[in-house]
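My questions will all concern the structure given below.
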Amino acid sequence: MLDIKNVHKTFFAGTVNERVALQEINLSLTAGEFVTVIGSNGAGKSTILNITSGKLRPDTGTVSIDGKDVTRLVDHQRARYIGRVFQDPMAGTSPEMTIEENLAIAYERGKRRGLRPGVTRKKREFFKEELRSLELGLENRLKAKVGLLSGGQRQALSLLMATFSSPKILLLDEHTAALDPQRADLVSRLTAEVVDRHQLTTLMVTHNMEQALRLGTRLIMMHEGRIILDLDQEQKLKATVPDLLHEFEKIKGVVDDRTMLQ
Amino acid sequence: MITAVELGLIYAIMALGVYLTFRILNFPDLTVDGSFTTGAGVAAISIINGMPPVMATILAFIAGMAAGAVTGLLHTKGKINGLLAGILTMIALYSINLRIMGKSNLPLLREETLITPLREAGMLGGIGAIAIFLLVALAVKVIMDWFLHTDIGLAMQATGDNEQMIRSFGVSTDNQKILGLSLSNGLVALCGAFIAQYQGFADIGMGIGLILAGLASVIIGQAIFGSRLIWIASLAVVLGSVLYRVVIQLALQAGLEPNDMKLVSAVLVVIALVLPQWKVFARVGGLGKMKKSLMGAKG
């Protein structure tokens, strides 16, 4: 479903601040696969999401979605294939607009927008139905401005908006990191439910190893722009947080030694 | 005073245009000063050359849209700061407007205009004219309300509110800004065309400082009448425009001269910006929020 081939990305190339963000990344997701991505700061986790969403263009390599080469499309052109939830709960919704208006915008993802009314009675019923699945009571507050909602509520709404139009790819960028533990658990649970319900091909970046192990069908670990560990569903089920930490230390040691020897 | 209300209702069309860019798109657009005169000039020269007034007015709207599109392109494709993009278009339009008009003042007194039937029926300066101007202003308001609730309109609202979000749903924010600026300046030029016909001439300097009148109308109206929902906000803009002209009229009656009005407008806007920073006034509903958006847009 998603094919990232030989992707290389360098920031500030040719300056003293030059930083290699991704090196020869090859990552392929089959339909319905739910991959969690972990790694230290600067490992390239967010860059891989931004390359996929079209916010960044790779220096070399290609990105294909469902067999279609989208490397040259910018973010809003790829949006018809991609649902996205950002780390900042404020980023995925429009605060000055009502819940139903936000949903109406999401409902038209990637379609040609015309002069039909944005919110209709039929859509409103559908929105209510979908909001009910969040179990936050938002279905009774369709005309409330989204800016009035709490961070957790907004993130749950963002998740719904990113997914209910069944995108080909779902990108989650540490979307529970800015929430308190209780809300993070809620959004985590909703994520598992919604991915399962729509059978979404998902790429989720997280800092939380426990979450990375609990969610998803496959886990990759990144370090300095490379994928250094790739666990399939079976291996992932057996793995524990200490295993991951151990793996991480091991690789880090090797890399550091290599750096020392150069 | 009736003249002030008439003017306020006609200028409300311009204020609605300013509202579209300034509050919906969060874009302080200075093109207005130029595109208003463009509208007046296009309508005037077309009428003088024998075009039916309705056609001339529509043509003015289209010319205004073109001017707005230029600012939009400069800002989005040329990556020029929004304020500067507007200033560039505004100044370029000064020369273009002179080219359109051929000279700096075009009298329309003997021409058949949209206002002629009203004048001949003796309705100007009375309830009849006010009712008609009110209907026109409300029609523009209702169309704008409707537009902002269509799929495109919602996308435009979101473009002014959260660009990252609306891009992630497949909307080109560049296109939305160009469209919004075009529609806004179309309305401003439409207003210019009406004003030229109402006062019986088009003048190269008639748009100077007009953006302040537009801003003042939006700010005064929304501070007093609120802006919680689109239809309330746009109604507040129409009422704000009338109120602004009434204030100007009062200032004139108090002994100030027409040439002082730019200063009065500037002072009005400054008061609306500064007062909410003082704690006593911060609690006055709407003002604080208004200031936030104003400062945010300009900062």
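The values are calculated or read from the model by the stated rules, or taken from the named source; none is laboratory data. Quick caveat, the model's predicted, so the values are computed rather than measured. Virtual Cβ from ideal backbone geometry, glycine too; neighbours counted across all protein chains shown.
For B:A202, state whether it is away from chain A (no Cβ under 11 Å) and either part of a helix (DSSP H, G or I) or modelled with pLDDT of 95 or more (or both).
yes
Quick check: anything in region B:37-44 within 21 Å of B:M261 (Cβ to Cβ) and of a type in the set (S, T, N, Q)?
Within region B:37-44, one or more residues are within 21 Å of B:M261 (Cβ to Cβ) and of a type in the set (S, T, N, Q).
Oh, and also: Would you confirm whether or not region B:51-72 contains a residue that is on the phi < 0 side of the Ramachandran plot and in a loop (DSSP other than H, G, I, E, B)?
Yes, that holds for at least one residue.
This table checks each residue for (1) buried (at least 22 other Cβ atoms within 10 Å of the Cβ); (2) among the charged types (D, E, K, R); (3) assigned to a helix (DSSP H, G or I).
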{"site": "A:S158", "(1), (2), (3)": "yes, no, yes"}
{"site": "A:T176", "(1), (2), (3)": "yes, no, no"}
{"site": "A:L179", "(1), (2), (3)": "no, no, no"}
{"site": "A:R183", "(1), (2), (3)": "no, yes, yes"}
{"site": "A:M204", "(1), (2), (3)": "yes, no, no"}
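Within the group A:G152, A:G92, which residue is at pLDDT below 95 and out of contact with any strand residue (DSSP E or B) (no Cβ under 8 Å at 6 or more places or on another chain)?
When all the criteria are applied, what remains is A:G152.
Check whether at least one residue in region A:108-122 is away from every other protein chain (no Cβ under 12 Å) and within 19 Å of the chain's Cα centre (by Cα), and report yes or no.
Within region A:108-122 (the criterion being away from every other protein chain (no Cβ under 12 Å) and within 19 Å of the chain's Cα centre (by Cα)), the answer is no, since none of the residues qualifies.
Can I ask one more? Which count do you get for residues in region B:126-153 that are surrounded by 13 or more Cβ atoms within 10 Å (Cβ to Cβ), over 23 Å from the mean Cα position of the chain (by Cα) and closer than 21 Å to B:V242 by Cα?
The total comes to 2.
Within the set of pairs 6+ apart or on separate chains, which have a first residue in region B:224-235 that is closer than 14 Å to B:I24 by Cα, a second that is of a type in the set (A, V, I, L, M, F, W, C), and C-beta atoms under 8 Å apart?
Listed pairs, sorted by first residue: B:S227/B:A233; B:S227/B:A236; B:S227/B:M290; B:I230/B:L148; B:I232/B:F225; B:S234/B:L16; B:S234/B:M144.
Taking A:L142 as the residue in question, decide whether it is aliphatic (A, V, I, L, M), in a loop (DSSP other than H, G, I, E, B) and at the interface with chain B (Cβ under 10 Å from one of its Cβ atoms).
no
Tally up the residues in region A:30-88 that are in a helix (DSSP H, G or I) and among the hydrophobic types (A, V, I, L, M, F, W, C), please.
Adding up the residues that qualify gives 3.
In addition: Considering only helices (runs of 4 or more DSSP H) fully contained in region B:121-193, which possess at least 2 residues that are more than 14 Å from every other protein chain (Cβ to nearest Cβ), among the β-branched types (V, I, T) and free of Cβ contacts under 8 Å to residues at least 24 places away in the same chain?
B:127-148
In addition: Would you confirm whether or not region A:126-134 contains a residue that is surrounded by fewer than 17 Cβ atoms within 10 Å (Cβ to Cβ), touching a residue at least 24 places away in the same chain (Cβ under 8 Å) and within 22 Å of A:V195 (Cα to Cα)?
Within region A:126-134, one or more residues are surrounded by fewer than 17 Cβ atoms within 10 Å (Cβ to Cβ), touching a residue at least 24 places away in the same chain (Cβ under 8 Å) and within 22 Å of A:V195 (Cα to Cα).
Return only the number of the condition from (1) farther than 30 Å from B:I271 by Cα; (2) under 21 Å from the mean Cα position of the chain (by Cα); (3) modelled with pLDDT under 95 that B:G170 does not satisfy.
Among (1) farther than 30 Å from B:I271 by Cα; (2) under 21 Å from the mean Cα position of the chain (by Cα); (3) modelled with pLDDT under 95, the lone unmet condition for B:G170 is (2).
Also, quick follow-up: In this structure, does A:L213 turn out to be within 24 Å of A:S94 (Cβ to Cβ) and either over 14 Å from the mean Cα position of the chain (by Cα) or not hydroxyl-bearing (S, T, Y) (or both)?
When the stated conditions are applied, A:L213 does not pass them.
Go through region A:185-199 and give me each residue that's touching a Gly at 6+ places or on another chain (Cβ under 9 Å) and not in a loop (DSSP other than H, G, I, E, B).
Selection gives A:L186, A:V187, A:A192, A:V195.
To keep it simple, each residue is scored yes or no on (1) touching a residue at least 40 places away in the same chain (Cβ under 8 Å); (2) over 25 Å from A:E129 (Cβ atoms).
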{"site": "A:A156", "(1), (2)": "no, no"}
{"site": "A:M161", "(1), (2)": "yes, no"}
{"site": "A:S166", "(1), (2)": "no, no"}
{"site": "A:L172", "(1), (2)": "yes, no"}
{"site": "A:L190", "(1), (2)": "yes, no"}
{"site": "A:E193", "(1), (2)": "yes, no"}
{"site": "A:R218", "(1), (2)": "yes, yes"}
{"site": "A:D243", "(1), (2)": "no, yes"}
{"site": "A:E249", "(1), (2)": "no, yes"}
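Sticking with this one: Tally up the residues in region B:240-272 that are surrounded by fewer than 21 Cβ atoms within 10 Å (Cβ to Cβ), part of a helix (DSSP H, G or I) and of a type outside the set (S, T, N, Q), please.
18
Across region A:57-107, which residue is farthest from the other protein chains (Cβ to nearest Cβ) among those that are among the charged types (D, E, K, R) and without any contact (Cβ under 8 Å) to a residue 24 or more places away in the chain?
Residue satisfying both the conditions and the ranking: A:D69.
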